[in-house]
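Engineer: Could you have a look at this structure, given as structure tokens, before my questions?
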Amino acid sequence: MFEMVELITSSTLHIRNNVRADGRTLNQLRPLTCSRNLLNRAHGSARWSQGDTTVLAAVFGPKAGTKKGENPEKASIEVIWKPKTGQIGRREKEYEMILRQTLQSICLLTVHPNTTTSIIVQVIGDDGALLSCAINASCVALVDAGIPLKHLAVSICCGLTVGGHVILDPTVLEEQKLKAVLHLVFPNPPLSIHHKTQSLLKDEPIEHGIITSVMRGVMSVPDYEHCLDRGRIACTKISEFVRRNLQSSAREGLAKAT
Amino acid sequence: MRELHVSLNQTQKVRLQAAFQHLSDIGSQASSGLLVSVSDTIPVNNEDGILKGHGTSEHDGQVVATLCGVVERVNKLVYVRALRARYKPEVGDIIVGRVIEIAPKRWKLEINFSQDAVLMLQSMNLPDGIQRRRTVVDELNMRTIFEENDVICAEVRGFQHDGSLHLQARSQKYGKLERGQLLRVPAYLVKRRKQHFHDLEQYGVDLILGCNGFIWVGEHVVPADNEMVEDQESTLKDKEQSYTPLEIRQNICRIANSVRLISALGFAISVDAIIDTAEASKSSNIDIKDMLGAEFYVQTAEREVQKRISLLKKKRG
């Protein structure tokens with residue numbers, strides 16, 4: 001009898017009073033850090049970490065020539081995913097494909113026709129929400145390399161627990177017990193420079209549009225929409241963070257070099 | 001270039017932070033331009049008549065930035081200049097490069113670009129100086145002019161159809177560079193100026209600031225006139241026997257270290273800045289090897305702050 005009771009309790013996430021196992025609330029994200037220009041041979045590089053999940057992205061390009069099957073009137077993007085341990089298998093190929101299609105939609109492909117831009121993603125630590133972390137890191141690395149983009153892509157990972165709660169940015173332990181895990185990528189809204197203060201009003205509609213949605217598990221449609229809303233709000237916070245980061249480093253560089 | 005690994009103690013870190021803070025304050029006062037990030041809208045007065053340049057695109061009738069950088073306006077052209085951009089070659093740039101490969105009738109040089117640059121045999125003066133058609137014998141003797149791993153100074157003549165550069169080295173000031181150091185700095189720190197060849201007479205040193213971020217510091221070489229073939233043999237023997245004097249070698253190292261220091265701090269590289277740093281190190285009796293140490297690093301940053309403050313005061317009146 002005792003063993004059976006133990007099995008049941010360990011397979012559900014301990015959420016009491018809307019506080020998760022590591023002390024966060026349902027909607028709270030782990031601490032984000034982002035650093036750019038780490039590698040001196042790559043044209044652009046960025047390191048993004050959410051808690052213990054850390055990903056290093058490097059961008060090389062644009063290089064001359066496209067692959068054989070590609071359209072030579074557009075630039076092509078190539079993604080190489082390197083896992084922390086183990087051989088490259090099907091899961092890495094899946095991540096590469098998702099990343100490639102996401103980044104293809106944010107890059108301006110007609111600026112450098114007949115070129116290839118390579119993005120290499122190296123997983124340094126994996127503690128949940130790995131794909132989101134990688135997409136954020138690659139986007140910042142593309143900005144660092146000076147590749148023209150339509151808008152920034154900001155990614156968030158949400159999950160639906162067995163009890164019906166929606167949690168953001170799950171850890172590996174939480175991910176294993178979730179009913180469904182959803183990775184969302186939103187474009188960050190174009191910001192007018194003069195109207196900076198006004199656009200942060202809560203009543204204003206946030207930019208619509210979604211770039212990528214990848215789900216593993218089973219979820220009902222109202223739950224999915226719930227996740228979308230939560231994810232969008234969280235992504236505005238992340239995109240503010242990215243923007244502040246870019247502005248401050250740009251200001252510093254401008255002050256020194258002129 | 002690898003970042004300088006300077007280990008600063010606590011007071012030095014504080015001083016360095018204060019210096020950089022001063023610089024950004026001065027920078028914001030000088031109001032050089034509008035900083036934009038990706039997908040920020042750029043304020044334009046009249047929509048018609050504005051040419052949208054590099055780094056911009058149109059979105060919903062508004063001009064939107066596609067790069068992170070500074071907005072520059074030239075008459076009706078609006079474009080975004082990226083701050084830490086890769087080297088973008090233009091016709092007429094002075095370039096310092098290293099020979100990687102010898103191909104039929106051309107040399108392939110490594111410059112700081114996505115592809116190797118090409119220096120054709122026709123774009124190079126022959127050793128005997130006569131203007132004639134290059135024959136098969138010349139092609140076989142290419143190695144006597146430049147070999148692999150030689151450092152060469154040349155000028156960009158144009159672009160080839162696949163985007164790689166076409167160089168020319170027809171003047172006397174271009175050609176093989178010897179007796180000196182090649183330094184690699186980030187290309188955006190070297191701005192395009194009227195003069196890239198500098199002869200520092202008080203040090204006896206030649207300084208070439210390549211636009212691609214390769215900087216040559218070497219012993220001063222008198223640009224020789226076209227010599228006859230017989231004279232060349234004797235001068236070769238002279239070259240082997242004469243060594244660069246110790247003082248000139250020390251000056252070369254001092255200037256090279258000041259270039260490394262300025263690029264590590266992230267300041268724009270100009271002849272005045274290099275000479276100032278070298279003079280300052282000489283006057284404070286700092287050893288050449290201590291120039292890359294923590295103390296001089298912080299002192300150089302502070303000195304730059306002082307210079308900018310005085311420049312701002314002069315501008316104001």
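The values are calculated or read from the model by the stated rules, or taken from the named source; none is laboratory data. Computed from a prediction, not measured in an experiment: that's the story for all the values here. All Cβ positions, even for glycine, are placed from backbone atoms using ideal geometry, and neighbour counts span all protein chains on display.
Engineer: Quick one: in segment B:58-79, which of the residues that are more than 21 Å from A:Asp144 (Cα to Cα) and among the β-branched types (Val, Ile, Thr) is surrounded by the fewest Cβ atoms within 10 Å (Cβ to Cβ)?
Structural biologist: Here the residue is B:Val74.
Engineer: Which condition number in (1) in a loop (DSSP other than H, G, I, E, B); (2) surrounded by 15 or more Cβ atoms within 10 Å (Cβ to Cβ) is the one that B:Glu90 fails?
Structural biologist: Of everything listed in (1) in a loop (DSSP other than H, G, I, E, B); (2) surrounded by 15 or more Cβ atoms within 10 Å (Cβ to Cβ), B:Glu90 misses just condition (2).
Engineer: Any idea which of A:Ser132, A:Ser155, A:Ser138 is modelled with pLDDT of 90 or more, more than 13 Å from every other protein chain (Cβ to nearest Cβ), in contact with a His (Cβ under 7 Å, 6 or more places away or on another chain) and in a helix (DSSP H, G or I)?
Structural biologist: When all the criteria are applied, what remains is A:Ser132.
Engineer: Just to be sure, is A:Ile80 hydrophobic (A, V, I, L, M, F, W, C) and either out of contact with any helix residue (DSSP H, G or I) (no Cβ under 9 Å at 6 or more places or on another chain) or away from every other protein chain (no Cβ under 14 Å) (or both)?
Structural biologist: yes
Engineer: Additional query: For segment A:236-258, give me each residue that is in a helix (DSSP H, G or I) and either at positive phi or of a type in the set (S, T, N, Q) (or both).
Structural biologist: Scanning segment A:236-258 gives A:Thr236, A:Ser239, A:Asn245, A:Gln247, A:Ser248, A:Ser249.
Engineer: For A:Leu38, work out the one condition from (1) within 20 Å of A:Pro148 (Cβ to Cβ); (2) within 14 Å of another protein chain (Cβ to nearest Cβ); (3) of a type in the set (A, V, I, L, M) it doesn't fulfil.
Structural biologist: (1) is the only condition that A:Leu38 fails.
Engineer: Restricting to segment B:264-291, count the residues that are charged (D, E, K, R) and in a loop (DSSP other than H, G, I, E, B).
Structural biologist: Final tally of qualifying residues: 1.
Residue-by-condition table, conditions (1) modelled with pLDDT of 85 or more; (2) touching a Leu at 6+ places or on another chain (Cβ under 9 Å); (3) surrounded by 18 or more Cβ atoms within 10 Å (Cβ to Cβ); (4) more than 12 Å from chain A (Cβ to nearest Cβ):
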{"site": "B:Leu4", "(1), (2), (3), (4)": "no, yes, no, no"}
{"site": "B:Ser32", "(1), (2), (3), (4)": "no, yes, no, no"}
{"site": "B:Thr56", "(1), (2), (3), (4)": "yes, yes, yes, no"}
{"site": "B:Glu110", "(1), (2), (3), (4)": "yes, no, no, yes"}
{"site": "B:Leu119", "(1), (2), (3), (4)": "yes, yes, yes, yes"}
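Engineer: Continuing with this model, one more query. Determine whether B:Leu140 is of a type in the set (A, V, I, L, M, F, W, C), under 17 Å from B:Asp116 (Cα atoms) and either free of Cβ contacts under 8 Å to residues at least 60 places away in the same chain or within 14 Å of chain A (Cβ to nearest Cβ) (or both).
Structural biologist: no
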